[in-house]
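The values are calculated or read from the model by the stated rules, or taken from the named source; none is laboratory data. Keep in mind the model is a prediction, meaning the values are calculated, not measured. Positions of Cβ are generated from backbone atoms using ideal geometry, with glycine treated the same way; all protein chains shown enter the neighbour counts. The area values use the complete protein model at the heavy-atom level, side chains included, leaving out ligands, DNA and RNA. Shrake-Rupley method; radii C 1.70, N 1.55, O 1.52, S 1.80 Å.
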Amino acid sequence: MVKIDTSDRSKVLAIIGQGYVGLPLAMAAVDAGWTVIGIEKSASRVDQLNSGSSPVEDISDERLAKAIAANKFVASNKPAEVAHASVVTICVPTPLSELREPDLQLLESATKDISPYLSDETLLVSESTSYPGTLREIIIPIVNGLKSSEASILYFASAPERVNPGDPVWNQKNTPRLVGGIDEESQKRALAFYNSICDSVVATSTPEIAEAAKILENTFRLVNIAMINEFTQLCSSQGINVHEVINAAATKPYGFMPFRPGVGIGGHCIPVDPLYLTWWARKGSQVASLVERSDEIANQMPIYVAGRALAIVKNSTSTPKVLIMGVAYKPGVGDVRETPASALRAALVARGAEVAWVDPLVPLWEGTKPVSEEWECDVAIVATNQPGLNVKTLLARGIPILDCTNNYGKQEGVHLL
Ligand SMILES: NC(=O)c1ccc[n+]([C@@H]2O[C@H](COP(=O)([O-])OP(=O)(O)OC[C@H]3O[C@@H](n4cnc5c(N)ncnc54)[C@H](O)[C@@H]3O)[C@@H](O)[C@H]2O)c1
């Protein structure tokens, strides 16, 4: 049994999954006076957490260790520990299957694991991103089929997490939280829980509205990123600097929001969530054609970038050596999930290039290790402007740079998308 004090069940929260979403939520809840049991399937992660070492960049070891020392947080791999909690949140991954369709296996198995142990009058909230109807059609039936006879009343809500790892401004506390309860009492309890942690809580009339809003937010990003990447290719082919175009358009005080071109889309959300939408549409005999086309354009962008980089060294060598700088999907994190750098590397290799990479925050990527920035190359691609990259040194050595991040454009030897 855990060594924290769980005697006041009304202030005990259990969080299923201690990753990019679950651990920051745990720390925000500790700050708000909750005692938190972080239930995590990975035994090594449980040990790591209980030793005070944080696996996610946004939570410092000091903050985690402080919560442990105050007996306010413990990690456990025993789903039965949910029995101590009045609120249980599910924060497990919702990835895509090999067919690029929603894969809810982890969500379903996490729900199955905890269902027999939920105490009576527990609020169960899903924070995992999924298509509308997931709480009502998947989670609740599993719980009702497996809950113990003592758990006669349970409350359910959907409160999709919106956290943006690595963001210095927006976090679990100050990002408005959408909350949709399954009934009036569930909503009342879910609002009270999130009001205790978040500065601002927004009630939706149903869980499906909250679930759909989360999918809309990330689909909005995908469509706009795809659009600006397509627009970039058009401008570039006509010799027009797309960054100047975007800056010019952004002077309009209303009705325009600047998106910037890049290598593509990455991470757990933008490449994944819109496909929950396209699948959901097809399930209802509809087609989200704009979203499907945006996904295609986004996935084609790394191939375009590879072509642009190789055009810089055209004819100078038969086996161009290309250094990819920054392979995490965005700056400030070591997260390589769904990184577009993978498709970029594959496209370069397919065109006969020898490819190496550097990233100060990534020690190992797809079974390969980084090289030193001294590595002799014909061109370097800044894919992600990771803190600690030393682009200037490469420029000083006369190596041309394709900067996909628009951070080094004013210097000689730098090519922009
Ligand atoms: N990472 C983000 O930026 C972000 C932002 C908003 C929403 N989300 C959504 O939040 C959810 C979680 O994403 P994440 O990035 O935190 O994932 P993650 O991979 O960082 O962490 C999930 C954790 O859950 C654990 N886990 C899996 N099955 C479990 C089980 N049955 N019991 C206990 N632990 C289990 C995993 O071992 C892992 O440590 C996903 O639905 C994701 O789409 C993620």
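Less than 18 Å apart at the alpha-carbon level, and either on another chain or at least 8 residues along: which lysines does that give for Lys11?
Of all the lysines, those that pass the test against Lys11 - Cα under 18 Å, at least 8 places apart if same chain - are Lys3, Lys72, Lys173, Lys188.
Calculate, in nm to one decimal, what Leu216 and Glu121 gain on full extension: separation in residues at 0.36 nm each, minus their alpha carbon distance. Walk me through the numbers on the way to the answer.
Numbers: separation 95, 0.36 × 95 = 34.20 nm, distance 3.19 nm.
Stretched out fully, the Leu216 to Glu121 stretch lengthens by 31.0 nm.
Which one, Ile16, Ile303, Ile37, has the greatest fluctuation when you compute a Gaussian network model over the chain with C-alpha springs under 10 angstrom?
Residue with maximal mean-square fluctuation among Ile16, Ile303, Ile37: Ile303.
Looking only at the chain, where both bridge partners belong to it, what percent of the DSSP beta bridges are antiparallel (to the nearest 5)? It would help to have the intermediate numbers written out before the result.
Values: 4 of 44 bridges.
So the antiparallel bridges in the chain amount to around 10 percent.
In debye, nearest 20, what is the charge dipole magnitude of the chain about its Cα centre with +1 on Lys and Arg Cβ and -1 on Asp and Glu Cβ, if you could check? The partial results should precede the final answer.
Values: 36 positive and 46 negative charges, 110 e Å.
Around 540 debye, computed over the chain.
Say the dipole of the range 187-240 comes from +1 at the beta carbon of Lys and Arg and -1 at that of Asp and Glu; which of Thr232, Ala213, Leu191 then lies farthest toward its positive end?
Highest projection toward the positive end goes to Leu191.
Report the trypsin sites (Lys or Arg not before Pro) located in the range 1-79 that are in a DSSP loop and have at most 10 other Cβ atoms inside 10 Å of their Cβ, or state none.
Values: sites: Lys3, Arg9, Lys11, Lys41, Arg45, Arg63, Lys66, Lys72; in loops: Lys3, Lys41, Lys72.
Hits after loop and neighbour filter: Lys3.
Rounded to the nearest 20 Debye, what is the dipole magnitude of the range 232-315 about its Cα centre when Lys and Arg each give +1 and Asp and Glu each give -1 at the C-beta? Before the final figure, lay out the partial values.
Details: 7 positive and 5 negative charges, 15 e Å.
Roughly 80 debye for the range 232-315.
Under unit Cβ charges (Lys, Arg +1; Asp, Glu -1), what dipole magnitude, rounded to 20 debye, does the range 61-145 have relative to its Cα centre? Could the numbers behind the result be given before it?
Details: 7 positive and 12 negative charges, 49 e Å.
Taking the Cα centre of the range 61-145 as origin, the dipole is about 240 debye.
For the range 1-67, build the charge dipole from Cβ charges (+1 Lys, Arg; -1 Asp, Glu) around the Cα centre, then report which of Val56, Ile4, Tyr20 sits farthest towards its positive end.
Positive-most Cα among the choices belongs to Ile4.
In a GNM of the chain with a 10 Å cut-off on Cα contacts, which of Leu107, Leu395, Leu23 has the highest mean-square fluctuation?
Leu395
Need the list of aspartates and glutamates near Lys410 for cross-linking: C-alpha distance under 13 angstrom, and skip anything on the same chain fewer than eight residues off.
Candidates past the 8-residue exclusion: Glu244.
Residues with amide H under 5 Å of Thr122's amide H, sequence separation 5 or more or different chain, H placed in the peptide plane at 1.01 Å from N; which?
Tyr155
Assuming R0 = 51 Å, what is the FRET efficiency of Glu184 and Phe231, from their Cβ-Cβ distance, to the nearest 0.05? Please report the intermediate quantities before stating the final value.
Details: r = 47 Å, r/R0 = 0.92.
Efficiency computed from Cβ-Cβ geometry: 0.60.
Are there any chymotrypsin sites (Phe, Trp or Tyr not before Pro) in the range 147-249 that are in a DSSP loop and have at most 12 other Cβ atoms within 10 Å? List them by number. Could you put the intermediate results ahead of the total?
Details: sites: Tyr155, Phe156, Trp170, Phe193, Tyr194, Phe220, Phe231; in loops: Trp170.
For chymotrypsin sites (Phe, Trp or Tyr not before Pro) across the range 147-249 that sit outside H, G, I, E and B with at most 12 neighbouring Cβ atoms in 10 Å, the list reads Trp170.
Calculate what fraction, in whole %, of the accessible area of the chain sits on carbon and sulfur atoms when a 1.4 Å probe is rolled over the protein chains. Kindly include the intermediate steps, with their values, before the conclusion.
Values: 9920 of 18450 Å².
On the chain, the fraction of accessible area on carbon and sulfur atoms equals 54 percent.
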